[in-house]
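Q: Here it is, the structure, as structure tokens.
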Amino acid sequence: MPRNTPGSTRVATEPIFTPYQLGTLTLPNRIVMSPMTRARTTSEGRVPLPIEAVYYAQRASAGLILTGGIYVSRQAVGSINVPGLYTAEQVEGWKAVTSAVHTMGGRIFAQLGHSGSVSHPDLLDGAMPTGPSPINPLQKMFTPIGMKDTITPRALTNTEIKEIVKDYGTAAKNAKEAGFDGVELHGANTYLIPQFLNLALNRRTDEYGGSPENRARFLFEVLEEIATVWDKNRIGVKLSPTLHGVGAFVASEESLPTYHHIAERLNAFTPAYLHLLRAINDVSNSPLAVLQANALQHYRSIFIGTIIGNGGFDQAQANATLKEDDADLISFARLFISNPDLVERFSDGSPLSPSDPQTYYRGGQEGFTDYPRRVASGLS
Ligand SMILES: Cc1cc2nc3c(=O)[nH]c(=O)nc-3n(C[C@H](O)[C@H](O)[C@H](O)COP(=O)(O)O)c2cc1C
């Protein structure tokens, strides 16, 4: 019996294989590749390398690919070997990536990010990292001479904040020129946007601090700036409302109201989607306890647009979540590292390969483009 017979049945019955209309973009399935920084950009000037085009093209059967975080400016840098989208050379490098993905029939959004205080002078030509307030985010940094602890940053001035908003707009314009199908604003984990959202990191007393509205002001100014370049149905937002206990990033009584406010306001903005990290750690004894069981359902009742669910999903959970209508799409990160043909493996029940965390951020091909496709129905 041909190996793809069971696959045909799965494709016919499982929600993850149904197409999805994302604005004007038709996704052939609901399996999204979640953004992953892979630190392979060893080039001078943070220009993506040909090997990165190969990596993304290998994964083009995903309904949608989201790149790893891309720096929107020189000041946004927070790691070695991570690419940018603020120079003409970088735009050219990304053109090779988008064209390789499109040639393979895929769709790809650029994830735009700024490290803010989660950086180090060794990564910024000696300049101080900047953030909403002079509070050490207590993270570990990949610097040219090894891992280092973050330091206490300098607080951004009001004028500097406006300049950073413009930098996102420029990077968004560059993403369009580079041939991306859209952009995802990186508002998750420990990046600059969550630094503004988190009360522990943002002690400002101006219009960017204090109330949920004020702490979310930067996020919405960035979104509006990006919307001067892209149709809103090509702008996604990734948030991690469940983040707690990562260095100085701790949740407070303000966290839930802040994300509630954002989800409501996004209804008016009408982005392409809201990409949400559900609780993958124990937050049951924190102010986020209500999000422990089903963060996606929680935000589904507030946000009326497309939701991408993320965080430790396997195939069965993804199908169940779609069936329950708690999300419209499901993103997978680690599974896509070691299974470039994740969609095909899901479809014919081929076993999944485990990924090696030792090579997540290590340079070169190993653990990047050398995970084989499955040996199954001759599709490799
Ligand atoms: C190696 C690695 C790099 C990551 N880099 C990013 C990133 O650049 N931007 C981002 O939003 N999330 C990043 N993440 C988080 C993933 O997108 C995802 O939210 C997380 O891994 C949970 O999904 P999973 O359980 O399917 O792996 C990264 C995860 C991994 C494993």
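Q: Is it true that some residue in region 82-91 is more than 16 Å from the ligand (Cβ to nearest atom), part of a loop (DSSP other than H, G, I, E, B) and open to solvent by 20 Å² or more (accessible area, probe 1.4 Å)?
A: Within region 82-91 (the criterion being more than 16 Å from the ligand (Cβ to nearest atom), part of a loop (DSSP other than H, G, I, E, B) and open to solvent by 20 Å² or more (accessible area, probe 1.4 Å)), the answer is yes, since at least one residue qualifies.
Q: Is it the case that residue 65 is over 26 Å from residue 162 (Cβ atoms), under 16 Å from the mean Cα position of the chain (by Cα), within 14 Å of the ligand (Cβ to nearest atom) and not polar (S, T, N, Q)?
A: So residue 65 passes the test.
Q: Among the residues of region 293-322, count how many are within 15 Å of the ligand (Cβ to nearest atom), open to solvent by less than 10 Å² (accessible area, probe 1.4 Å) and in a loop (DSSP other than H, G, I, E, B).
A: 1
Q: Enumerate the pairs (first residue in region 186-197 and more than 8 Å from the ligand (Cβ to nearest atom); second residue anywhere and part of a loop (DSSP other than H, G, I, E, B) and aromatic (Phe, Trp, Tyr)) with beta-carbon separation below 8 Å, excluding pairs fewer than 6 apart on the same chain, so at least 6 apart or on different chains.
A: Matching pairs, first to second residue: 196/208.
Q: Continuing with this model, one more query. Do any residues in region 215-231 that are without any contact (Cβ under 8 Å) to a residue 24 or more places away in the chain and of a type outside the set (A, V, I, L, M) have Cβ atoms under 8 Å from those of residues that are open to solvent by 30 Å² or more (accessible area, probe 1.4 Å) and part of a loop (DSSP other than H, G, I, E, B), where the two are at least six apart or on different chains, and which pairs are they?
A: Going by the 8 Å Cβ cut-off, the qualifying pairs are 217/207.
Q: Looking at this structure, is residue 290 in contact with a helix residue (DSSP H, G or I) (Cβ under 8 Å, 6 or more places away or on another chain), farther than 27 Å from residue 110 by Cα and assigned to a loop (DSSP other than H, G, I, E, B)?
A: Against the criterion (in contact with a helix residue (DSSP H, G or I) (Cβ under 8 Å, 6 or more places away or on another chain), farther than 27 Å from residue 110 by Cα and assigned to a loop (DSSP other than H, G, I, E, B)), residue 290 does not qualify.
Q: Quick check on my filter: what residues within region 323-356 are open to solvent by 80 Å² or more (accessible area, probe 1.4 Å) and outside any loop (DSSP other than H, G, I, E, B)?
A: Scanning region 323-356 gives 323, 334.
Q: Which one of these is among the acidic types (Asp, Glu), at pLDDT 95 or above and under 24 Å from residue 106 (Cα atoms): 344, 324?
A: 344
Q: Report yes if some residue within region 122-145 is open to solvent by 40 Å² or more (accessible area, probe 1.4 Å), part of a strand (DSSP E or B) and within 16 Å of the ligand (Cβ to nearest atom); otherwise report no.
A: Yes, region 122-145 has at least one match.
The values are calculated or read from the model by the stated rules, or taken from the named source; none is laboratory data. Keep in mind that what you see is a predicted model, and the values were worked out from it rather than measured. Because the Cβ atoms are built from the backbone with ideal geometry, glycine has one as well, and the counts that use them run over all protein chains shown. SASA here: full protein model, heavy atoms, side chains in, ligands and nucleic acids out. Shrake-Rupley method; radii C 1.70, N 1.55, O 1.52, S 1.80 Å.
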